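Beneath this line is the structure, given in structure tokens, with notes to follow.
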Amino acid sequence: LNAQRQRGAVALIFALLYVAIIASFVATISYNIALDIRRTQSLLQQEQARHVALGAEDWIASVLRDDLSASATDHPAELWAQPLPPLPIEGSGGAGFITGQIVDLQSRFNLNNLIDANNEVVQEEMERFQLLLELLGIDIQLAEAVVDWMDVDSDVRFPGGAEEDTYAARVPALRTANMPFRSAAEIAVVEGFTTEMVTALLPHITALPERTGISANTAGAVVLTSLDRNLTQADAERLVALSQEQGGLELQVDFAGLLPEPVIGTLVEQTSYFQITSVVRIGSVRFAMYSLLYRDPQGQTAVLLRSFGNPF
């Protein structure tokens, strides 16, 4: 009888152990299935968000084409310059919303204006960039390092330049670009620039594929002040407010007496380069896309660059 009881107990233990193994196996399978469903849903939401952002990019391009046909002047009161409020979206991946913004990139200092096609420094642009740095509390000698990063020679500019030897000593080592900036954010790797400096500078600079003029109607007070030492911060702030109030400035009238005539001649009223920011939220997914859009004088548009997650 004892032997039978022992065999029964062993059988019960094996049965319980078998049930426990099966339960653990089923739980693992259920967890993996739930995880796969969550991953698939996240991928579906991300793909939907990407298509929504691309659709917004196409719509904004059409807005900019229509804007050019309606007006030869770009200014802050126009439709394209207004932030896009949250718009609801629906789809197989779930419900969400999209927000957006368009920035006139010619309202900023173009780093690629510093050097001309002959690899020579454009002195007027250099002085403006140095003044911009000064206005932001950044050492103006760092402008020399920016030029050294771009120019094709290996001569270190005095006193603040930096060439191959400086970057080769870093860990990891770098090489100077020896070419125009591809992105304003690239300035973060230029010798001497700290994170705080880059954060302060990025809202006021851009990197465009050609030399460009400053868009007088959309430039901020800091960029306008950097045009010439004779233009005060107070004058620049007044011009910014005036542009918003009257829908643009009359260059020869509103800048008369504030800027030399040659400097006024570098200002533009019509913009060719825009940055489109599209942020889509669907479920737990947040998708951000930044587009560099070019609009030619006939109104035709082309996307020159896209960046996902981080602005260029």
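The values are calculated or read from the model by the stated rules, or taken from the named source; none is laboratory data. In this text the structure is predicted, and so the values were computed from the model without any measurement. Note: ideal-geometry Cβ built from the backbone for every residue, glycine included; neighbour counts use all protein chains shown. Areas reflect the complete protein model, heavy atoms only, side chains present, ligands, DNA and RNA absent. Shrake-Rupley method; radii C 1.70, N 1.55, O 1.52, S 1.80 Å.
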Would you check if there is a residue in segment 83-103 being touching a residue at least 60 places away in the same chain (Cβ under 8 Å), open to solvent by less than 60 Å² (accessible area, probe 1.4 Å) and in a helix (DSSP H, G or I)? no
Positions within segment 293-302 being open to solvent by 10 Å² or more (accessible area, probe 1.4 Å) and touching a helix residue (DSSP H, G or I) at 6+ places or on another chain (Cβ under 7 Å), in sequence order: Thr301
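Would you mind finding the one in Val268, Val253 that is open to solvent by 10 Å² or more (accessible area, probe 1.4 Å) and either of a type in the set (Lys, Arg) or at pLDDT 95 or above (or both)? Let's see the steps before the verdict.
Working: Val253 fails: either of a type in the set (Lys, Arg) or at pLDDT 95 or above (or both).
Checking each option against the conditions leaves just Val268.
Being part of a strand (DSSP E or B), closer than 28 Å to Gly94 by Cα, modelled with pLDDT of 95 or more and open to solvent by less than 30 Å² (accessible area, probe 1.4 Å): is that true of Ser307 here?
Values: part of a strand (DSSP E or B): yes; closer than 28 Å to Gly94 by Cα: yes; modelled with pLDDT of 95 or more: no; open to solvent by less than 30 Å² (accessible area, probe 1.4 Å): yes.
Taking the combined requirement at face value, the residue does not satisfy it.
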In segment 29-82, how many are touching a Ser or Thr at 6+ places or on another chain (Cβ under 7 Å), charged (D, E, K, R) and in a helix (DSSP H, G or I)? 2
Residue count, segment 120-172, condition under 24 Å from Val263 (Cα atoms), small (Gly, Ala, Ser) and either in contact with a helix residue (DSSP H, G or I) (Cβ under 6 Å, 6 or more places away or on another chain) or crowded, with 18+ Cβ neighbours inside 10 Å (or both), comes to 1
Which residues, counting only those in segment 243-286, are of a type in the set (A, V, I, L, M), more than 25 Å from Gly299 (Cβ to Cβ) and touching a Gly at 6+ places or on another chain (Cβ under 9 Å)? Val279, Val280, Ile282, Val285
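With the condition being over 20 Å from the mean Cα position of the chain (by Cα) and at pLDDT 95 or above, I'd like the helices (runs of 4 or more DSSP H) fully within segment 136-203 carrying at least 2 qualifying residues. Break it down stepwise before answering.
Working: elements: 142-150, 164-168, 195-201.
Here the list reads 142-150.
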Would you please list the contacts, defined by Cβ atoms under 6 Å and residues six or more apart or on different chains, that run from a residue in segment 222-242 that is farther than 12 Å from Leu259 by Cα to a residue that is among the hydroxyl-bearing types (Ser, Thr, Tyr) and not in a loop (DSSP other than H, G, I, E, B)? Gln233/Thr225
Provide a single number: the residues in segment 116-135 that are among the acidic types (Asp, Glu) and under 23 Å from the mean Cα position of the chain (by Cα). 1
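For segment 274-292, check the following and say yes or no: at least one residue is farther than 30 Å from Gly96 by Cβ, open to solvent by 40 Å² or more (accessible area, probe 1.4 Å) and in a loop (DSSP other than H, G, I, E, B). Quick ask: steps written out before the conclusion?
Step one: list which residues in segment 274-292 are farther than 30 Å from Gly96 by Cβ, which gives none.
Checked against the condition, which is being farther than 30 Å from Gly96 by Cβ, open to solvent by 40 Å² or more (accessible area, probe 1.4 Å) and in a loop (DSSP other than H, G, I, E, B), segment 274-292 yields no hits at all.
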Ala117 fails exactly one of the following numbered conditions: (1) part of a helix (DSSP H, G or I); (2) open to solvent by 20 Å² or more (accessible area, probe 1.4 Å). What is the number of that condition? (1)
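Residues being closer than 21 Å to Asn119 by Cα and open to solvent by 40 Å² or more (accessible area, probe 1.4 Å): count how many of those fall in segment 190-206. Reasoning before the result, please.
Within segment 190-206, the first condition is being closer than 21 Å to Asn119 by Cα, and the residues that meet it are 190-191, 205-206.
If we keep only those that are open to solvent by 40 Å² or more (accessible area, probe 1.4 Å) too, we end up with 191.
So the answer is 1.
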In the set Arg5, Arg38, the lone residue that is more than 30 Å from Thr266 (Cβ to Cβ), exposed (fewer than 10 other Cβ atoms within 10 Å of the Cβ) and either modelled with pLDDT under 75 or touching a helix residue (DSSP H, G or I) at 6+ places or on another chain (Cβ under 8 Å) (or both) is Arg5
So is Thr225 modelled with pLDDT of 95 or more and within 18 Å of the chain's Cα centre (by Cα) or not? no
